[in-house]
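**Student:** There's a structure below that I have some questions on.
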Amino acid sequence: MKATLILVVIVIAGLYSYAQFQPDVRLTNNPGESIASPNNAWCIAASHDTVHVAWRDNRHGNREIFYKRSTDGGMTWGADTRLTNNTSPSEDVCIAVSGSSVHIVWADQRDGNAEIYYKRSVDGGTSWGTDTRLTIAAGESSHPSVAISDNMVHVVWQDLRNSNEEIYYKSSTDMGNSWGADIRLTNTVNASEVPCIAVSGIHVHVVWEEETSGDWTYEIHYIHSSDGGNAWDTDTRLTWDEAESLTPSIAASGDHIHVAWYDDRDGNDEIYYKRSDDGGLGWGEDTRLTNAFNVSYRPSVCTDGQNVHITWIDNRDGNNEIYYKKSSDNGNAWEADLRLTNNAADSWRSSVALAGTVVHVLWEDTRDGNYEIYYKQDPTGSEINIPGDANCDGMVNVLDIITIVNFIMEANPDPFCFQQADINGDGGINVLDIIGTVNIILGG
């Protein structure tokens, strides 16, 4: 009887943890196709209670970039906003947010070939500035990825201006008002494609897939800048197998760098993971995260400094569904795979983002007869409890004191872990929490 009771408790606890993801929410409803980015870029970003999504939509007969937001943590959603309006295709959108500043990049063919364009909102998505052309090159520029840290906006993309696909980088030091020169990050005879970028402070991390001479398969490569993108280290090859390693996704928090990709070294496409705990200088072993009968591919990864979250497309159920996996200890151990979607149609191209304890997931879905954008969330999926870790990087140091001061001064630091900053548990952030954080740092 006692053993049976224990078993029931374990089962209920497991169901409870799995039940944290809320029902699917349909975000678009139109006869045209609404598509998430095909290049593994993030189509969802969140800051505090505001969730921002962007996608490509052809409801008007042409591929245009659309935007939508929720200001109550994903509970309700505003109207669709059309961000581009021209006769040529706009696609490959990626979105990032810092406080009330929302930044979007995409590939646009209005100039006769694909170029990278940029647009921003400084009021949380209420209004938008004009389109800014970031590239002017004879070859196509496509598949951009964007990330933000403080006042810096970082963009990478793949570029054909040198008659070979290479990875390029560009940055703004004033939140998108002005932009520096294009910087070529790769220089090989083989194709370098679908880059993904993450930043943590002044450290910029980029991964991509690169064609390998000889067997002509793709491997995952990585490069790092420790000065905000001015100078770059030599690139590092992360995978070494004779199979295909494709579409990497990267996330960073402090010195912890997380990379996920899909790989067919096992005779089947599976999700693999690798991490660095020293800012990209050294890397651990490849970790296989999925082991399913059918293909698992196109992962998206995010982190808050302790928890690591990955979503991907999975065909183990006979059609494409979105799956999810989590690590609560910086990638050392992983929970079981969790199926997020369950319908007879196909669910594609997911993106995952965090804000506080909430895990936000977006994808495209054909259950309604055409491609529509869907969303779901886990309100408590990224709970962490490190008292004093106000900036959510998994450590307590002087940077957390600065983050708390910025919050008190209404500077809207992002990320900001309110519960961890509220040292005395009084429901507010004030000078007492600064004193409490100082005591933690001093070992008091």
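**Student:** Looking at the chain, do any whole DSSP H helices span at least 18 angstrom along their long axis by alpha carbon and average 0.5 or above on Kyte-Doolittle, and which?
**Tutor:** 2-18
**Student:** Follow-up. Once R0 is set to 41 Å, what does the formula 1/(1 + (r/R0)^6) return for the Cβ-Cβ distance between ASN62 and ALA344, expressed as a FRET efficiency to the nearest 0.05?
**Tutor:** Working: r = 30 Å, r/R0 = 0.74.
Rounded to the nearest 0.05, the efficiency is 0.85.
**Student:** Taking the Cα-to-Cβ direction at ALA231 and at ASP174 and moving 7 Å from each Cα, how far apart do the two end points lie in nm?
**Tutor:** Simple spin-label model gives 2.6 nm for this pair.
**Student:** Let me ask you something else. Treating only the Cα positions of the range 398-441 as identical point scatterers, give the base-10 log of I(q)/I(0) from the Debye formula at each q in 0.34 Å⁻¹.
**Tutor:** Normalising to I(0) and taking log10 leaves -1.45.
**Student:** Roughly what percent of Cα-Cα pairs across the range 310-361 reach past 19 Å?
**Tutor:** Working: 413 of 1326 pairs.
Within the range 310-361, distances greater than 19 Å cover 31 percent of Cα pairs.
**Student:** With every atom except the alpha carbons ignored, what do you get for Rg and Dmax of the range 155-212, in angstroms?
**Tutor:** In order Rg, Dmax, the Cα atoms of the range 155-212 give 12.2, 38 Å.
**Student:** Using the Karplus equation 6.51 cos²θ - 1.76 cosθ + 1.60 (θ = phi - 60°), what ³J(HN,Hα) coupling, rounded to whole Hz, does each residue of the range 158-165 give in order, writing x for Gly and Pro?
**Tutor:** Values per residue, Gly and Pro as x: 9, 9, 10, 5, 9, 6, 8, 5 Hz.
**Student:** Turning to a different aspect of this structure: Using Cα pairs under 8 angstrom and six or more residues apart, how large is the relative contact order of the chain, in percent? Please report the intermediate quantities before stating the final value.
**Tutor:** Values: 1218 pairs, mean separation 49.4, N = 444.
Here the relative contact order equals 11 percent.
**Student:** Using only the alpha carbons of the chain, what is the convex hull's orientation-averaged projected area in square nanometres?
**Tutor:** Working: hull surface 92.3 nm².
In nm², the orientation-averaged hull projection of the chain is 23.1.
**Student:** For the chain, give me every cysteine whose Cβ has no other Cys Cβ within less than 4.7 Å, ordered by residue number.
**Tutor:** Cysteines of the chain left without a disulfide-compatible partner: CYS43, CYS94, CYS196, CYS302.
**Student:** Report ³J(HN,Hα) in whole Hz for each residue of the range 324-341, in order, from the Karplus equation J = 6.51 cos²θ - 1.76 cosθ + 1.60 where θ = phi - 60°; Gly and Pro get x.
**Tutor:** 9, 8, 9, 10, 9, 9, 6, x, 6, 10, 10, 6, 5, 4, 10, 7, 8, 10
**Student:** Give the Debye-formula value of log10 I(q)/I(0) at each listed q (0.17 Å⁻¹), with one equal scatterer per alpha carbon of the range 25-106, two decimals each.
**Tutor:** With no solvent term, the Cα-only Debye profile gives -0.64.
**Student:** Would you mind checking which residues have amide H under 5 Å from SER245's amide H? H placed 1.01 Å from N; only 5 or more apart, or other chain.
**Tutor:** Sorted by chain and number, the residues that satisfy this are TYR218, GLU219.
**Student:** Right, something else. Which order do the peptides 72-85, 43-56, 136-149 come out in when sorted by mean C-beta neighbours inside 10 angstrom, highest first?
**Tutor:** Numbers: 72-85: 15.3, 43-56: 24.6, 136-149: 21.6.
So the order, starting with the most tightly packed, is 43-56, 136-149, 72-85.
**Student:** A further question follows. Rounded to the nearest 0.05, what FRET efficiency do ILE435 and THR87 give with R0 = 60 Å and r taken as the Cβ-Cβ distance? Could you check? Walk me through the intermediate numbers first.
**Tutor:** Working: r = 60 Å, r/R0 = 1.00.
It comes to 0.50.
**Student:** Then there's this: Under a 5 Å amide H to amide H cut-off, with H placed in plane at 1.01 Å, what residues pair with ILE202 once short-range neighbours are removed?
**Tutor:** Hits under the 5 Å cutoff: none.
**Student:** How are the alpha carbon pair distances in the range 130-234 distributed across 10 Å bins from zero to the largest one, expressed in percent?
**Tutor:** 16, 49, 29, 6, 1
**Student:** Near the amide H of LEU134, under 5 Å away, which other amide H atoms are found, from residues 5 or more places off or on another chain, if H is placed in the peptide plane?
**Tutor:** Sorted by chain and number, the residues that satisfy this are ILE116, TYR117, TYR118.
**Student:** Another one. Just the number, please: Stokes-Einstein D of the range 328-444 in µm²/s, Kirkwood Rh from C-alpha pairs, 10 °C, 1.306 mPa s. Intermediate results must be reported in sequence, preceding the final value.
**Tutor:** On the way: Rh = 16.5 Å.
After rounding, the answer is 96 µm²/s.
**Student:** Next up: With a Cα-only, solvent-free Debye model of the range 197-334, what are the log10 I(q)/I(0) values at q = 0.14, 0.17 Å⁻¹?
**Tutor:** Each listed q maps to, in turn, -0.61, -0.89.
**Student:** Also, quick follow-up: In the range 191-249, what GluC sites (Glu not before Pro) fall in a loop by DSSP, with at most 11 other Cβ atoms inside 10 Å? Could the numbers behind the result be given before it?
**Tutor:** Details: sites: GLU193, GLU209, GLU210, GLU211, GLU219, GLU242, GLU244; in loops: GLU242, GLU244.
Answer by residue number: GLU242.
**Student:** Could you bin all the Cα-Cα distances of the range 371-414 into 5 Å bins starting at 0 and give me the percent of pairs in each, rounded to whole numbers?
**Tutor:** 5, 21, 18, 16, 14, 11, 7, 5, 3, 0
Read the figures in this text as sums done on the coordinates, not as results from a lab. Since this is a predicted model, take the numbers as computed values, not measurements. So basically every Cβ, Gly included, is an ideal-geometry build from the backbone, and we count neighbours across all protein chains shown.
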